[in-house]
Amino acid sequence: MEQLLEISIASIVAIFIVTGLFYECLCFISHVVSRTNAGPRPIMYIMVTGVFIAHGAAIFIYATIYWILIHFLGFADLSGNVQDHFPTYLYFSATSYSSLGVGDVFPVDTMRFLTGIEALNGLLLITWSAAFTYFSIQKMWETHGIETKFLCK
């Protein structure tokens with residue numbers, strides 16, 4: 001029961017840290033793009049690179065939380081095809097965050113709760129970045145005079 005409380009607190013902290021960081025990354029990307037005089041393609045590459053870095057940072061944060069919970073707070077280790085080094089936690093975090101869930105590495109006991117929270121948080125941030133990219137590109141096209149109307153006949 002004590003571990004359930006600890007994992008719940010870790011989940012809430014992870015949500016706030018990752019979502020807050022992601023928000024700041026999107027603000028920074030918007031700031032950079034709005035002050036760039038480059039054409040549409042370089043701007044698009046800047047945005048996509050920034051969004052990928054933001055997702056990578058989120059995955060890294062979750063992997064670090066798994067590492068800390070397992071190695072310093074006594075939570076059950078990951079099961080499956082696990083080599084106990086940090087890249088395994090990065091891999092597990094990436095598959096959880098993206099909801100890919102390959103299954104070769106999986107959580108046990110209360111760690112499953114944090115994994116579910118990471119998947120929900122990842123889905124939210126992935127859709128948020130898709131919406132951000134879509135609306136930013138649409139606005140950029142309008143600014144550069146590129147027609148964005150699609151007519152179906």
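Structure notes:
- Debye intensity ratio in log₁₀ form over the Cα atoms of the chain, taken at each q of 0.18 Å⁻¹: -0.99
- Most to least packed among 91-100, 2-11 [average Cβ atoms within 10 Å]: 91-100, 2-11
- What the phi angles of region 115-122 give under the Karplus curve with 6.51, -1.76 and 1.60, with θ = phi - 60°, is a coupling list of 4, x, 5, 4, 4, 5, 5, x Hz, glycine and proline written as x.
- Distant-in-sequence amide H partners of Ser79 (H built 1.01 Å from N, under 5 Å): Phe106, Val108
- Helix-only arithmetic for the chain: the sum of -39500 (n - 2.57) across DSSP H runs with n ≥ 4, divided by the residue total, places the mean residue ellipticity at 222 nm at -25500 deg cm²/dmol.
- Order by protection proxy (mean Cβ within 10 Å, highest first), peptides 60-66, 38-44: 60-66, 38-44
- Tilt relative to the chain, helix 86-97 - C-alpha long axis, 0 to 90 degrees, to 10: 60
Just so you know, all these numbers are worked out from the coordinates, no wet-lab data involved. Source: prediction; values computed, not measured. Ideal geometry is used to build each Cβ from the backbone, glycine not excepted, and the neighbour counts take in all protein chains shown.
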